[in-house]
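Report on one structure; see the data block that follows.
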Amino acid sequence: QVQLVESGGGLVQAGGSLRLSCAASGRTLSSLTMGWFRQAPGKEREFVAAIRWSYGATNYADSVKGRFTISRDNAKNTVYLQMNSLKPEDTAVYYCAARLGSSIYSDSTDYNYWGQGTQVTVSS
């Protein structure tokens with residue numbers, strides 16, 4: 001089992017920044033791939049970014065490349081999503097997810113564990 005707890009969401013103006021955190025526990029984290037997904041009202045959940053815990057390899061959705069950065073802190077068992085140059089279309093509930101294995105997938109069905117989500121609202 002893996003437990004995930006997100007934090008760091010909030011309200012920000014367009015062009016601003018937020019950093020989301022995801023504290024992970026319950027399993028050897030080096031065996032995991034961690035992902036961030038988001039879901040806006042009336043839309044399907046979509047992939048944002050992912051990172052292999054052991055090697056740090058990353059992957060991003062085209063819509064956030066150059067603006068968002070995913071990283072992890074081994075000592076704190078925490079994954080971060082630094083979001084810069086935020087746009088109103090980034091408004092969504094952001095979810096942290098984990099999957100067993102080292103392959104980076106962008107399909108939410110490939111992830112086994114999910115956090116409760118944190119709201120990000122970007123005003124224009």
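The values are calculated or read from the model by the stated rules, or taken from the named source; none is laboratory data. Please read these numbers as outputs of a predicted model, since none were measured by experiment. FYI the Cβ positions are ideal-geometry reconstructions off the backbone, even for glycines, and counts take in every protein chain you see. For the accessible areas, the whole protein counts, side chains as well, though only heavy atoms, and no ligand, DNA or RNA atoms are used. Shrake-Rupley method; radii C 1.70, N 1.55, O 1.52, S 1.80 Å.
Quick one: is T78 over 14 Å from T33 (Cβ atoms) and in contact with a Cys (Cβ under 7 Å, 6 or more places away or on another chain)?
yes
Among the residues of segment 47-56 satisfying the criterion of being in contact (Cβ under 8 Å) with a residue 40 or more places away in the chain and within 14 Å of the chain's Cα centre (by Cα), which is surrounded by the fewest Cβ atoms within 10 Å (Cβ to Cβ)?
R52
Taking segment 107-123, which residues are touching a Gly at 6+ places or on another chain (Cβ under 8 Å) and either at positive phi or part of a loop (DSSP other than H, G, I, E, B) (or both)?
Residue satisfying the conditions is Y111 alone.
Looking at segment 22-45, which of its residues are open to solvent by 60 Å² or more (accessible area, probe 1.4 Å) and touching a helix residue (DSSP H, G or I) at 6+ places or on another chain (Cβ under 8 Å)?
R45
Among what's in segment 66-90 and is open to solvent by less than 40 Å² (accessible area, probe 1.4 Å) and hydroxyl-bearing (S, T, Y), pick the residue that is farthest from the chain's Cα centre (by Cα).
T78
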